[in-house]
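One structure is given below, encoded as structure tokens.
The values are calculated or read from the model by the stated rules, or taken from the named source; none is laboratory data. Source: prediction; values computed, not measured. Please note: Cβ atoms are built from the backbone with ideal geometry, for glycine as well, and neighbour counts cover all protein chains shown. Protein only, heavy atoms only, side chains kept; ligands, DNA and RNA dropped before computing areas. Shrake-Rupley method; radii C 1.70, N 1.55, O 1.52, S 1.80 Å.
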Amino acid sequence: MHSAPSGDGKPMLRQGDTGDWIGTFLGHKGAVWGATLNTDATKAATAAADFTAKVWDAVSGDEVLSLAHKHIVKTVSFTQDSNCLLTGGNDKLLRIYDLSSPEAAPQEISGHTSAIKKALWCNNDQQILSAADDKTIRLWDRSSMEEVKTLTFDTSVSSMEYVADGQILVITYGKTIAFYNALSLELIKTVEAPAPINSASLHPEKDFFVAGGDDFKLYKFDYSTKEELESYKGHFGPVHCVRFSPDGELYASGSEDGTLRLWQTAVGKTYGLWKCVLPEDLGSENPEQLYTSTPEIKA
């Protein structure tokens, strides 16, 4: 399932393999900047421009909690046990809310000097990674609330993805897609794209990764060789986010053009709404259809 941020303040929940609409969470009074689901998809959380982070019942769609902040909230992340919610935003603070006692003051972590774009749990929720407009990514220890290490860049980091299997951190800045060890923050490799990139995602089996950005295109690269495998344009605006599904069968891309598109990783497989139709089947379905030598995809 995908929980997508939205400019109209109405985040939607959609079935991951088909894109079917499940429901809309109504309650925010400003643009939604970040959205996430907990591990078993029973709860959703959203970060918004109305100075709140909200927790929702993902099954009923009801608002469970509204957590007031002092500025725009950009990012939300559940712990694996769903007991805590991490938030970050324009007031430069990381906050950890205990969802069993939400009226209690959250733990606060300060250190960033500009708005926080993305914050997430890593290392079995023992550490926190945060990226901000101060051109840094910082690793924090949860128990001591202290900064463990900082990465500094020449430009602001546009996105950050954490791959728990292998402890890989995928970040994008400018035209660069960079891979770091999430625990040591040591660089593994960088790849240069033809255009400024806003988001990248590594396939679960780590064979390749996809990226999207300002030139409306999606790029697929081989992770080992760093070779560009293909690129294609489907969106009519900059691509702001790309993510693989947990099973790696598809990836989603969200764009400024107002659409979320689903792309099949291995074109030709029957999966979700994709159905593989062989040429001989096309002939029987529609005699006027021209025969083709390659299987066609119906979506």
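Remarks
This table checks each residue for (1) under 13 Å from Leu93 (Cβ atoms); (2) at pLDDT 95 or above; (3) open to solvent by less than 20 Å² (accessible area, probe 1.4 Å).
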residue: Thr113; (1), (2), (3): yes, yes, no
residue: Ile116; (1), (2), (3): yes, yes, yes
residue: Cys122; (1), (2), (3): no, yes, yes
residue: Leu129; (1), (2), (3): no, yes, yes
residue: Ala132; (1), (2), (3): yes, yes, yes
residue: Thr136; (1), (2), (3): no, yes, yes
residue: Val148; (1), (2), (3): no, yes, no
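- Output for segment 138-155, where each listed residue is in a strand (DSSP E or B) and not β-branched (Val, Ile, Thr): Arg138, Leu139, Trp140, Asp141, Glu147, Lys149, Leu151
- Taking segment 37-103 and the strands (runs of 3 or more DSSP E) fully enclosed by it, the elements with 1 or more residues that are out of contact with any Phe, Trp or Tyr (no Cβ under 8 Å at 6 or more places or on another chain) are at 52-57, 63-68, 73-78, 84-89, 94-98.
- Of all the criteria given as (1) surrounded by fewer than 18 Cβ atoms within 10 Å (Cβ to Cβ); (2) closer than 30 Å to Ser143 by Cβ, the one not satisfied by Gly89 is (1).
- Residue that is most open to solvent (accessible area, probe 1.4 Å) [pool: residues in segment 177-212 that are assigned to a loop (DSSP other than H, G, I, E, B) and farther than 21 Å from Pro246 by Cα]: Glu186
- In this structure, Phe153 qualifies as within 22 Å of the chain's Cα centre (by Cα), open to solvent by less than 30 Å² (accessible area, probe 1.4 Å) and among the aromatic types (Phe, Trp, Tyr).
- Total residues in segment 156-176, condition under 15 Å from the mean Cα position of the chain (by Cα) and not in a loop (DSSP other than H, G, I, E, B): 10
- Per-region count, segment 59-70, residues in contact (Cβ under 8 Å) with a residue 24 or more places away in the chain, over 11 Å from Ala44 (Cα atoms) and surrounded by fewer than 20 Cβ atoms within 10 Å (Cβ to Cβ): 1
- Residue match in segment 217-230 (condition: of a type in the set (Gly, Ala, Ser) and modelled with pLDDT of 90 or more): yes
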